Structures are given as C-alpha cells and as structure tokens.
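Colleague: I am attaching a structure below and will ask some questions about it afterwards.
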Amino acid sequence: MESLIGGLVAAPLLGAAVLLTGGRRLDRSGHWLGTALAGLSFVFAAVLFFDMLGKDAEERTLTSHLFSWVPVEGFQADVAFQLDQLSMTFVLLVTSVGSLIHLYSVGYMAHDERRRRFFGYLNLFMGAMLLLVLADNYLLLYVGWEGVGLASFLLIGFWQHKPSAATAAKKAFIVNRVGDVGLAIAIFLMFTTFGSFAFSAVLDEQVAAGAGQATLTGIGLMLLLAACGKSAQVPLQSWLGDAMEGPTPVSALIHAATMVTAGVYLVVRSADIFNLTPDAQLVVTIVGAASLLFGAFVACAKDDIKKSLAGSTMSQIGYMMLAAGLGPIGYVFAIMHLVTHGFFKAGLFLGAGSVMHAMNDEVDMRRYGALRRHMPVTFVTFGLAYLAIIGFPGLSGFFSKDEIIYAAFAKGGTQGWILGGVTLLGAALTAYYMTRMMLLTFFGEKRWQPDAAGREPHPHEAPRVMTIPMIVLAVGSVGAGAYFSLGERFAHWLEPVTGLGHEEAPLSHGMVSLAATAVMLIGVAGAWAQYGRRPVPLVAPAGRWVTRAARRDLLQDDFNHAVLVRPGNYLTRGLVYVDHKLVDGVVNGTAAAFGGLSGRLRRVQNGFARSYAVSMFGGAAVLVAATLLMRAV
Amino acid sequence: MSPENYLYLSALLFTIGACGVLIRRNAIVVFMCIELMLNAANLALVAFSRMHGNLDGQIAAFFVMVVAAAEVVVGLAIIVMLYRSRHSASVDDASLMKL
Amino acid sequence: MSTLAAMSALAAETSTSTGEAAQFWILAPLAVAGGLGTVLMRRAVHSALCLAGTMVLLALFYLANGAYFLGVVQIVVYTGAVMMLFLFVLMLVGVSQVDSLKETLKGQRLLAALCGLGLGILLIAGLGQASVATFTGLAAANEGGNVQALATLLFTDYVVAFEVTGVLLTVAAMGATLLTHRERIERHKTQREQAEERVRKEWVTPLPAPGVYARHNAVDIPALLPDGTPSEVSVSPTLRNRGQVREVHEQALADLAALEQRTADYQGRPRSLPARAGLGERTGDDGRPPAGGPAGIAEREDGR
C-alpha cells in the first residue's frame, strides 16, 4: 500500500514530464494522457482511501520513505511521505476535483493550440500539490509549496501574449514570494529550535512545549505569513483577483478549490504549534475575519464574474482561516468547509467558464442576463452550487458554515461576539453577492453585447465533456455537507489528526442555524431588491465611495503601491544614486587615479633609449650620493 | 702635483662622456661617448694602480679594454642592423620594438 | 729599456716629478677638449677624430702612470683597431651626414645637464673627500718589467677571468657575424631567371650613368635624358636614401642649350632645332642617355 503513495505523486509528475518534453507529436493525444494520469492518481487515492477505512482510527497513518535527500550528520532531509486522514482528505479533493477539471479542460481548451502545454502544467500542479499535502516534513512540503507556486505562475500567465496575464502572473509570483519567505524562515526557526523539520519531530506537543513561547509565536506567525501568501489572505491578498487572467479551469482548480487552500492546510497541519501560542492563533483569526469581510465586499462590487468569484474565494478562505485560528474546535470545520468549498466553488467557476464560453469570453455580468433558458445544465449546476455557498439549509455550505459560525461564538467573551458577528455579516454578504451574480447572469433581461470583433453572442450549452464535471461537482455541492455532518462523520474521521474541541457557545446550534438562515435571507432579499426587481443598467452606476473603493479591490493595489512600491522605488533610486555616485565614484575614481598615474608613468616608458639613459645616470648619481652619505655618516 | 689629479681628470672625462650619451642621437657618436667613459674609467684604474703600488688596477683596465673591444664588435653590428632596417642611425628612431 | 727604468724610477717616487706635472697640465686640457669635441662635433667623423686624439692622450697618461703595456695597447688596439672599426661603420652609414644638435626630447637636455653636473660634482667631491696624501708608486711592482709582471698576474690570479674573456671575445665575434649576416630566404636565381626578370622590368637596358655635365664629384649628379630632364634613377639608391643627390642646376641646362645652339650655328643648321637632335647625333641613336665618362671628368676637373 505504501508504494501507492509514491505512485500518487509520480503519476501526474510523469504526465507533466512527458507532456512538456514530448513535443508536437503529443499535440493530438496529450490532453487525454494528462487526464488519464490525473484519473490514475485519483484511482490510487481511492484505493488508499478504502484501505484506510478498513483500519482502526489510530492506525490509519501510512508512511513511505523513498530516499534520503540530504543525508548529512545533523541535517537529515528525507523524501518521505505521510498519509494520514488530513492528507487523505486533501488527496481525495485534489485528485477528484483535479481529474474533473482536467476533463472539463479537454472541452474548454479545445481550440487552444497550446493545449498540450496547458495539460502539462495542470499535471505539474497536481503533482506538486500532492507532494505538498503528502510530505512528512516541512522541507519537502516547501518543495511542493514552491511547485504549486510555479504551476500557478505558469497557468496564470498561460495566455502570456496578453500583457495583463503576464503582469498578473508576475504579481502572483512576487506576492507569493513574500509568503514563501515566511515559510522558509519558519523552517529555519524549526531547525534551529528543534534540530529537525520532520512532522514527527516538530509536531509533538511535548517537544513543541519545550521551545520558548516567543519562538513558537514566531514560527506560528511566519507560517501564517506563508499561509496568507498562498491563500490570498490580508495583507497578501492582492494577487488573487488578477490571477483570474488565467484560463477558467485554472481559476477553478488552483485559485478556488485546491492551491489557495494550502494555507489552511499549513495552519491545520501545524496545529500542534498553534495550539501552544494563543497570540499567533488570535492573529490567525483576525486575518481570517479581515479577509472574510474584505473578500465579501470586493465580491459585492465586481461586475467581472470571475473577479467576483475570486473575492468570494478569498472570503470563504477567510472563514476557514478564522476557524483554523479558533483551535481544536475549528480545525475540523475549517477542513470541512474547505472540502465543501472545493466542490461548490469549483462548480461555480466551471459554470462561469461555461457561461463565458457561450458568451464569446465576455466576463462582464452586466452583459449577461436571461441565460437560464439557453444553458439549462449550467444554470442548474450553477444554481445548486449557489445554494450551497450561501448556506441554503440542507446543502453543503449550510453545514460547514454554520459550524464555523457556532465555533466563532464559542470563542467566548467579547472576541466570540465580534467573531460571530463578523461571520454572520459575511454570510449575509455571501448571500447578497451570490444572488446578485445569479440574477445578473441567468435572470432578467438579455443585455448581450457584440464582442470586440462584432460577433453577436449565441449562447449554447457546453459540450458534454464540460457539463459532466459540472454535474458531478453539483452533486458534491449538494450532498457533501450532509454526508459529512451526519453523525459527525467528518469530525470523527479527522479527530486523530487534529483533535476535536467541544465548547459551549452562548447560542445553541439551532439558534446559530436560524440566525445564519435569517441573515442569508436578508442578503438574498437585498440583492433581489436591487437587481431582481429593477432593470439592470449596462454600465455600472457611479455608486458611493464604498462601492467605488470595493470596485478597486478596496484600494489594495493603491495601498501596496503607496506603502511598498513607491518607497521601494525611492529606496532603489537612492541606492542606484549611491551606487552611481559613491560606489562607482570610488571604483571609477580608483581606476581613473591609476589610469592617470599609469598615463604619466607611461610617458617615462617612451621607447627612447636616451630617456632611459637619463634615469640610469640619475640612479647612478643617487647611488654615488648615497655612498658618500654613508661614508660621511 | 698630486696623482689625484688623474682621478679628477678621469671624473671629468667620464661626466663628459655621460652627457654625450644623453645628448647625442647618432648611435655611433653615442657609442663613442661610451668608449670615452670606459677610457676615463681605465685612467682611474691605472691611477689607482699606481697609488696602491700593485698591478691589479692595470689588470682590471686590461680586462675593460678587452670587454670594450667585444662590446664594440657587437654594438657596431647592432648599429649596422639598425641602419639596415630603419635607414637611420638615430637612436630616437629606434623607439619602437617593431618596425 | 733604460727609458722604462727611468720612468719606473719616476713612478716610484711618492710625489710626481715636475716633468710629469707639466705634461699633465698641458695634456689634460687637451684631453678634456677632445672629450668635449667628441660630444659636441656635429659630424660623426669629427667626433671620431676627437675621440682618437683623446685616446692617444690617455695612452700617454697611462705611460706616465707606469702602465707601459696598457699605454701601448691603448694606442694599438683602441686608437688603431677600435676607432678604425668606428670609422668603417661611419663610412658605411654615411660619412658626410651632419647631425642636427636640436633636441627633440622634451626636457632631455636639462635632465642631461642636471645628471652630468650632479654626477660630476658628486664624483669630484667624493674624490676630494677621499684624498690620499701619500701614494706607493709602482717601482716595486714593475721590478721585473711591467709586461712580465702583468703576465704573471694575468696567468696566475686572473687566469679564469682571462679565459672567460677569451670566450667572450669569440662569442662577440660570432654574434657580430650572426647579427650582420642576412639569411637568404628565397632560392638563388639562375642567370636565365635574372635575365627574364630584367626584361619584364621597366628597364631593359642598363640604368643611365650619373654625372653628365657634372661640375665636381659626378656620382651624385643625375644624368640628363635626351629631352633635358634629369634622370633620378641614374644616381645610386644609397645616395638617394642619404639625400645626397645634387640637383642639376638650371644654369647647367641653360649652358647646355647654349652649347647646342653654338654647335648648330657652327654647322649652319637652323636655330630652331631642338637640343635633343644635337644630343642624339652626338651620342648615337640608341636612345640611351648620354654617358658622362670623359666629359664628366673634364667638368669635375673644371669645377675644382
């Protein structure tokens, strides 16, 4: 069984290698090869899953040691995998959603001449992501972490002929780099503190407790920084919206369902460290709450369907972060929300892709409208995912989100009320912006516009290869939550890894559900009042300053520009000035001094024997003088 | 008269020869000035020989003469070569290592 | 031998005789003048003569100092052989060349003067400082004859140096031969090839001889072609290189024309006949420029 873990990672990596080096002869079959290898990976995952189910809860962890990477005295880096329930959850999510999106991409990218490369990158991403979640030490996790970053960069910039895509790719890469530095520092700290970075060595309550509180908080905050970068949380959130420049399947797989949740995985995986530092945990919850509201506001204001969904993703990951920051009571629900979110958000993105596909790649929702009759399958699957995300009772989001809201209230005291209030507000906003998206896209009047080339859109249902993944994901969106929640199945599944906390909240479960449903209905009603009853203008009204700020991503880029870029520019300019004037001055001055000196010395070496003779006689005179002086003395 | 006067004469001739080497451009004249300096040195050696009452100084002068003869042979050959390649006997014209 | 003994006796004394003093004070200024002449004469050959004179004077000083062998060797080897070698090379390079005494190197003369003055003053000061009140003289050393004593020393104490100097002389001779030897890098041409080459060249006939209508040393005056223009190729390339070719003076050309005219008048030909026809008639019709043999000599003798 253990060897299957290696195969799990190897299959997509092999696909990437073959597709990226295979050349043009794979142009016609490459996408099926990539999809097949992704599917193979899923089959491995399923086999491992059922094997795991057959064991006792405490004996389910599998380890597989491949080889020693850096076998040095005092520094042991292994390429070794650890498959426990948490990893298994991620493996299943990544391989299943990944395979579905591979399948969807076969249709979506059908007309792209670089499709083979696209599938190579997708496979590369899957391999790296699986490496990330299966690694049994932080160093190997870092390899996977960088791998998904690379794949994300390549895929965001896949249409690199568009300057916007190239810029977005660079932006994502650079912002991620900030987070990666955090992870690197965290690993350094671990190594200096514990002498190892293997999970088995670091993630042990007794060992971790041996370290100082400040060190643990430092490690926790650095891990959080890494998570913020990868998961687009405040303050490293600015790249996610631009990342929507990539092809929609990429947005669905990487920037909604899997990669951006790696931050949550990192925090939950490092639970044993966070459990010991309440300060770091508090920062995690604050970051989560801030991102939750930030993303929701942005999602409310955006007219670009994908950017609105990106804001939504950020907001939902904020929920997960918040839950992860709450400690053992929240870990399980963070992961559960992560999984359900993976389903419905991927479904939403695939639906959005389908709509864009039908509308000549138009992304402005104000130019959609009345698509429900033209695209029934998309409408139904999108609608189910919509109900799931707003937390409609009985669907996935309802179960996972309500638990997070409950856990937030269970934090207790003022903090509990504030966090609970934030989560409820987030739920209302979620309902508002998702309903708005629904209404603008599928209901109301036709507001279709010809595209830049003058072609009128002729909406049509997507090919089956695209609808099947959407249907599967819709099923997941509908059923996953209920399946996980019945008898606290998911909680018991994850408990050996993350532990399970039970704390009493000031509100009962029922009251929380009621409140959540109520605010959800308020949000839906608000959106209906604004977009359902009245005709939607084709051009967005100017709006108040809040709307305008939200449209500009709450001024995140302006902030970054003012706080980071401009001082950076000034600093570099200053350094360049110093370099030119001071360093170059010293260097060039020295060179000029020596040059001038040699120029003058050169004149002595003029080739005229008589000049040399003069110096010879001068020297002889000096020698005679010296001799006389010596005698005189 | 003190035989030191020979030494003064020797120094004077030597200095004159040295100045000639520095001033003249014709390689042959330069060479002659060098010969003058050698002769001046020989005079000093002979005078020293007399002062000290042994013949070692004369022997040294003798060797100077022999070596000067050898030097003249080679030096003049070089001057002939120079003249052949540059059509000039000026030492200033031979200021570059290549032609 | 008796003279030598007398001079030995002279040298044995601890202070010099009046005769030697007189000799010194007469000859030393002459030697200095010779040295200055060597340096300052504009013609290299004059320098050489001055140097030869100085060397002879130095030989006399050697003799006065009891170095009889060296004195003779100085005259025979230096003045006789080495200076002749110098003159020989001078002749080879250009005996009549006058050197410009204008200094071309900036500051060279000043530096030379400084160096010379400095060195001279220092040397003389050093000598003055090291003044020796008494001196031994060579009477004892030259007891069995100067040459014998020198030979004894040379073949005992200095034998190694002597042998090495011998080697040096041999090497120097070989080196000089090697330096002046020109390596033949192409095949020796056969007579036939030389003839063919000559036919292909501009001049099939022998080059015109110089010195036509010369007034003195005719070798440096170009020949006149039948049309009256001077022929540069008639002068030796060596002279051309040295810049020693003399122009044919316009007066000579005018004289030539007048001579032709007189000849024409005498023979009753019309005046307008060009000079060329007359020349052609006199030297034959082979087109060669007139050879300057007897006429040249005559002119030169006239010129003297």
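Colleague: Tell me, what is the FRET efficiency for residue A:188 and residue A:110 to the nearest 0.05, using R0 = 45 angstrom and their Cβ-Cβ distance as r?
Modeller: So, using R0 = 45 Å, E works out to roughly 0.45.
Colleague: A further question follows. Buried accessible area between C and A (1.4 Å probe, both chains summed, ligands and nucleic acids excluded), in Å² to the nearest 100?
Modeller: In total, this chain pair buries about 1100 Å².
Colleague: Need one number: the % of Cα-Cα pairs in the stretch A:154-257 sitting beyond the 19 Å mark.
Modeller: Working: 2751 of 5356 pairs.
The share of Cα pairs beyond 19 Å in the stretch A:154-257 comes to 51 percent.
Colleague: How many angstrom lie between the Cα centre of the stretch A:287-349 and the Cα centre of the stretch A:447-482?
Modeller: What the calculation gives is 22 Å, centre to centre.
Colleague: Quick check: pseudo-label points 7 Å beyond the Cα along Cα→Cβ at residue C:263 and residue A:509, how many nm apart are they?
Modeller: In this crude label model, residue C:263 to residue A:509 measures out at 14.8 nm.
Colleague: Please compute the length gained on full extension between residue A:566 and residue A:500, using 0.36 nm multiplied by the number of residues separating them and subtracting their Cα-Cα distance.
Modeller: Full-extension gain reported as 19.1 nm.
Colleague: Give the separation of the Cα centroids, the stretch C:46-60 to the stretch C:70-108, in Å.
Modeller: For the stretch C:46-60 versus the stretch C:70-108, the Cα centre distance is 11 Å.
Colleague: Considering only protein heavy atoms, with the full assembly of protein chains and a 1.4 angstrom probe, order A:188, A:294, A:75 by accessible area, largest first. Write out the running numbers ahead of the final one.
Modeller: Values: A:188 135, A:294 35, A:75 65 Å².
Output order, biggest surface exposure first: A:188, A:75, A:294.
Colleague: Roughly how large is the B-A contact in terms of buried accessible area, totalled over both chains, probe 1.4 Å, nearest 100 Å²?
Modeller: Working: alone 7030 and 26460 Å², together 32730 Å².
Accessible area lost upon association: around 800 Å².
Colleague: Same structure, new question: Using the basic label-point model (7 angstrom from Cα toward the beta carbon), what is the residue A:68 to residue C:91 distance in nanometres?
Modeller: In this crude spin-label approximation the distance works out to 9.5 nm.
Colleague: Continuing with this model, one more query. Which residues, if any, in the stretch C:50-72 have at least 10 Å² less accessible area in the whole protein complex than in the isolated chain, probe 1.4 Å?
Modeller: So the qualifying set is C:51, C:54, C:55, C:58, C:61, C:62, C:65, C:67, C:69, C:70.
Colleague: Moving to a separate point now. Rounded to the nearest 0.05, what FRET efficiency do residue C:76 and residue C:17 have when you use their Cβ-Cβ distance and R0 = 22 Å?
Modeller: After rounding, the FRET efficiency stands at 0.25.
Colleague: Same structure, new question: Residues of the stretch B:38-58 that become at least 20 Å² less accessible with every protein chain present than in their own chain isolated, using 1.4 Å: which are they?
Modeller: By number: B:39, B:43, B:46, B:50, B:51, B:53, B:55, B:56, B:58.
Colleague: How much area per residue is accessible in the stretch C:84-190 when the probe is 1.4 Å and only protein heavy atoms are counted (Å²)?
Modeller: Values: 6940 Å² over 107 residues.
Value for the stretch C:84-190: 65 Å² per residue.
Colleague: Just to compare against my own numbers: the Cα pair-distance distribution for the stretch A:1-159, 10 Å bins, whole % per bin, please.
Modeller: All Cα pairs, binned at 10 Å, distribute as 12, 39, 31, 15, 3, 0 percent.
Colleague: How big is the gap, in Å, between the Cα center of the stretch A:496-556 and the Cα center of the stretch A:219-274?
Modeller: Value for the Cα centre distance between the two parts: 22 Å.
Colleague: So, one more: Regarding the protein assembly as shown, what whole-number volume in Å³ per residue does the convex hull of its Cα atoms give?
Modeller: Per residue, the Cα convex hull of the protein assembly as shown comes to 386 Å³.
Colleague: Across the residues of C:142-152, average count of Cβ atoms on other protein chains within 10 Å?
Modeller: 1
Colleague: For the stretch A:146-231, what relative contact order do you get, as a whole percent, if you take Cα pairs closer than 8 Å and at least 6 residues apart?
Modeller: Taking the mean separation of contacting Cα pairs over the length of the stretch A:146-231, I get 31 percent.
Colleague: From the P(r) of the stretch C:62-210, can you give the percent of Cα pairs sitting at distances over 18 Å?
Modeller: 83 percent
Colleague: In terms of solvent-accessible area of protein heavy atoms at a 1.4 angstrom probe, what is the ranking of A:102, A:161, A:492, B:87, highest value first?
Modeller: My answer, sorted largest first, is A:161, B:87, A:492, A:102.
Colleague: Say each of residue A:282 and residue A:200 gets a label point 7 Å from the Cα, pointing the same way as Cα to Cβ; how far apart are those two points in nm?
Modeller: Simple spin-label model gives 3.7 nm for this pair.
Colleague: Can you give me the Kirkwood hydrodynamic radius for the stretch A:284-541, using every pair of distinct Cα atoms, in Å to one decimal?
Modeller: After inverting the pairwise mean of 1/r, the radius is 18.4 Å.
Colleague: Pop out the carbon and sulfur fraction of the accessible area of the stretch A:66-150 as a percent, whole number, probe 1.4 Å. Can you show the working numbers first?
Modeller: On the way: 1420 of 2370 Å².
Here it works out to 60 percent.
Colleague: State in Å² the accessible area per residue of the stretch A:254-358; use a 1.4 Å probe, count heavy atoms of protein chains only, and round to the nearest integer.
Modeller: 12 Å²
Colleague: Computed on protein heavy atoms with a 1.4 Å probe, what is the summed buried accessible area for the chain pair B and C, in Å² to the nearest 100?
Modeller: It comes to approximately 7000 Å² buried between B and C.
Colleague: For helix A:213-231, report the angle its Cα long axis makes with the longest principal axis of the Cα atoms of chain A; keep it between 0 and 90° and round to the nearest 10°.
Modeller: For helix A:213-231, the angle is close to 70 degrees.
Colleague: A further question follows. Round to the nearest 10 and report in Å² the accessible area of residue C:42, as given by a 1.4 Å probe over the protein chains' heavy atoms.
Modeller: That residue has around 120 Å² of solvent-accessible surface.
Colleague: Let me ask you something else. Leaving out ligands, DNA and RNA, and with a 1.4 Å probe, what % of the accessible surface on the stretch A:573-632 is carbon or sulfur? It would help to have the intermediate numbers written out before the result.
Modeller: Numbers: 3170 of 4400 Å².
Looking at the stretch A:573-632 in its full context, I get 72 percent from C and S.
Colleague: I'd like the orientation of helix A:115-134 relative to chain A: the angle between its Cα long axis and the longest Cα principal axis, in ° from 0 to 90, rounded to 10.
Modeller: Roughly 90 degrees, rounded to the nearest 10.
Colleague: If the chain between residue A:492 and residue A:370 were fully stretched, how many nm would it gain, using 0.36 nm times the residue separation less the Cα-Cα distance? All intermediate terms of the calculation are to be shown ahead of the outcome.
Modeller: On the way: separation 122, 0.36 × 122 = 43.92 nm, distance 4.42 nm.
Once the chain is fully extended between residue A:492 and residue A:370, it gains 39.5 nm.
Colleague: What are the ³J(HN,Hα) couplings of the stretch B:17-34, residue after residue, when phi is run through the Karplus curve with 6.51, -1.76, 1.60 and θ = phi - 60°? Round to Hz, x for glycine and proline.
Modeller: Couplings: x, 4, 4, x, 4, 6, 9, 6, 9, 5, 4, 5, 5, 4, 5, 5, 4, 4 Hz.
Colleague: Over its Cα atoms, what ratio of radius of gyration to 2.2 N^0.38 Å does the stretch A:300-450 give?
Modeller: 1.10
Colleague: Given a 1.4 Å probe, how much area per residue of the stretch A:1-134 is accessible, in Å²?
Modeller: 41 Å²
Colleague: Roughly to the nearest percent, how much of the accessible area of chain B is carbon and sulfur, given a 1.4 Å probe?
Modeller: Values: 2280 of 3170 Å².
C and S fraction of accessible area: 72 percent.
Colleague: Pull up all non-local amide H partners of residue B:90: gap of 5 or more, or a different chain, and H-to-H distance under 5 Å with H placed in the peptide plane.
Modeller: HN-HN under 5 Å from residue B:90: B:27.
Colleague: Would you please state which residues of the stretch A:530-559 a label at residue A:167 would reach in this model, taking the label point 7 Å out along Cα→Cβ and a backbone N cut-off of under 15 Å?
Modeller: Backbone N within reach: A:552-553, A:556-559.
Colleague: Compare C:135, A:44 by solvent-accessible area with a 1.4 Å probe and give them largest first, with all protein chains kept in place.
Modeller: Putting C:135, A:44 in descending order of accessible area: A:44, C:135.
Colleague: Here's a follow-up. If amide hydrogens are placed 1.01 Å from N in the peptide plane, which non-local residues have theirs closer than 5 Å to the one on residue A:66?
Modeller: The answer is A:79, A:80, A:81.
Colleague: Among all the aspartates and glutamates, which ones have a C-alpha under 12 Å from residue A:307's C-alpha, if same-chain residues fewer than 8 places away are not counted?
Modeller: Partners found: A:242, A:245, A:364, A:553.
The values are calculated or read from the model by the stated rules, or taken from the named source; none is laboratory data. Predicted, not measured: the structure shown is a model, and the values here were computed from it. All Cβ positions, even for glycine, are placed from backbone atoms using ideal geometry, and neighbour counts span all protein chains on display. SASA here: full protein model, heavy atoms, side chains in, ligands and nucleic acids out. Shrake-Rupley method; radii C 1.70, N 1.55, O 1.52, S 1.80 Å.
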